[in-house]
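The next block holds one structure in the form of structure tokens; read it before the comments.
The values are calculated or read from the model by the stated rules, or taken from the named source; none is laboratory data. On a predicted model such as this, the values are computed, not experimentally measured, just so you know. Glycine also receives a Cβ, built like all others from the backbone with ideal geometry; neighbour counts cover every protein chain displayed. All accessible areas refer to the heavy atoms of the entire protein, side chains included, with ligands and DNA or RNA removed. Shrake-Rupley method; radii C 1.70, N 1.55, O 1.52, S 1.80 Å.
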Amino acid sequence: MPPRQFNGPGLRTMRRGAGFTQAVFAKMVGVSKTAVIDWEKDDEQCPPPERLPAIAKALGEDLDVLFPRFGPPDLADLRADAGFTQSRAAEALGITRVPLSNAETGKKPLSSDLRIRVVALYGVTADELAEAQKRSFSTMTPAPMPTHQTPRGLTERLRFLLECRPKVTNADVAAAVNQTTGAGLEAQDVEDVRTRARSAEQVFAGLSMGAVREGLAKALSVAPFEFQDGEEVEQEVLDRLAFLADKREGGATVNARGAAHGVSPEMVATIKELLLRKSGKQK
């Protein structure tokens, strides 16, 4: 996906020149005021590509003039230029995100029937779509993300897992979190996280993070600790190990889940060794 050129301070200058406040401009583009503030700070926090057409329209500028692209478009570019996220495009086409995701990542081309509908939705010609699909397959080299590159932070981890599970919809995630927290989240809230219009922390502000993690885990079929930092997980494990060691030394029998017998002396010794290492008492 060849990126488009974006200049945050330049956007601020153009917005002011058009006579829009950040709040008014945000409403015109369909994002929060905070998103606009972040975009205008510098070039590090760029708008999602599918937001650029709305920005250009609000400012009365041509998309290619305001945000020049570095190279010809692929399928993801055509979708973004039409103002659609992958989820929104799939919804408009009456399909899941899987066919679009497969085509955009060079895994499986669009079917002939779907190509006709995509041409109409994106407002391009059949030839333009065909050329964009060729570029998607020639430039993409999909590979699993190495374990040492696991995204950090709740926002990036959630986005990563959503991309890895295209069959899970925004509505699925919102419903699962609502069930565990009692909140009233909507599919658009999850979409905002997908597109970086808002962070996960902003979307889930005021909710119990433990309950949020439980809901996310249920929707995405992972363990809740997938959404915790490594130090948090480590401390929780150590706290539970300390509890088991104390119970054993106090004469109580602690059964492992699904086991008929208590924790063995050998296991208790291992637990104590781990705790000592953590506390720095063992040389």
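Laid out as a table, the results:
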| quantity | calculated |
| --- | --- |
| Single unsatisfied condition, Leu11 versus (1) at pLDDT below 95; (2) over 19 Å from the mean Cα position of the chain (by Cα); (3) among the aliphatic types (A, V, I, L, M); (4) surrounded by fewer than 21 Cβ atoms within 10 Å (Cβ to Cβ) | (4) |
| Every pair of residues 6+ apart whose Cβ atoms lie under 9 Å, when the first sits in region 113-137 and is free of Cβ contacts under 8 Å to residues at least 12 places away in the same chain and part of a helix (DSSP H, G or I) while the second is surrounded by fewer than 19 Cβ atoms within 10 Å (Cβ to Cβ) and among the small types (Gly, Ala, Ser) | Ile116/Ala126; Val119/Ala126 |
| Residue in region 64-101 that is most open to solvent (accessible area, probe 1.4 Å), counting only those that are touching a strand residue (DSSP E or B) at 6+ places or on another chain (Cβ under 8 Å) and within 23 Å of Ala130 (Cβ to Cβ) | Phe70 |
| Any chance Thr85 is over 30 Å from Val24 (Cα atoms) and not hydrophobic (A, V, I, L, M, F, W, C) | no |
| From Glu40, Glu50, Glu61, residue being of a type in the set (Asp, Glu) and under 18 Å from the mean Cα position of the chain (by Cα) | Glu50 |
| Helices (runs of 4 or more DSSP H) contained in region 1-107 and holding at least 3 residues without any contact (Cβ under 8 Å) to a residue 60 or more places away in the chain and over 30 Å from Ala120 (Cβ atoms) | 8-17, 22-29, 33-41 |
| Identity of the residue in region 102-135, touching an Asp or Glu at 6+ places or on another chain (Cβ under 8 Å) and under 23 Å from Thr169 (Cβ atoms), that ends up surrounded by the fewest Cβ atoms within 10 Å (Cβ to Cβ) | Tyr122 |
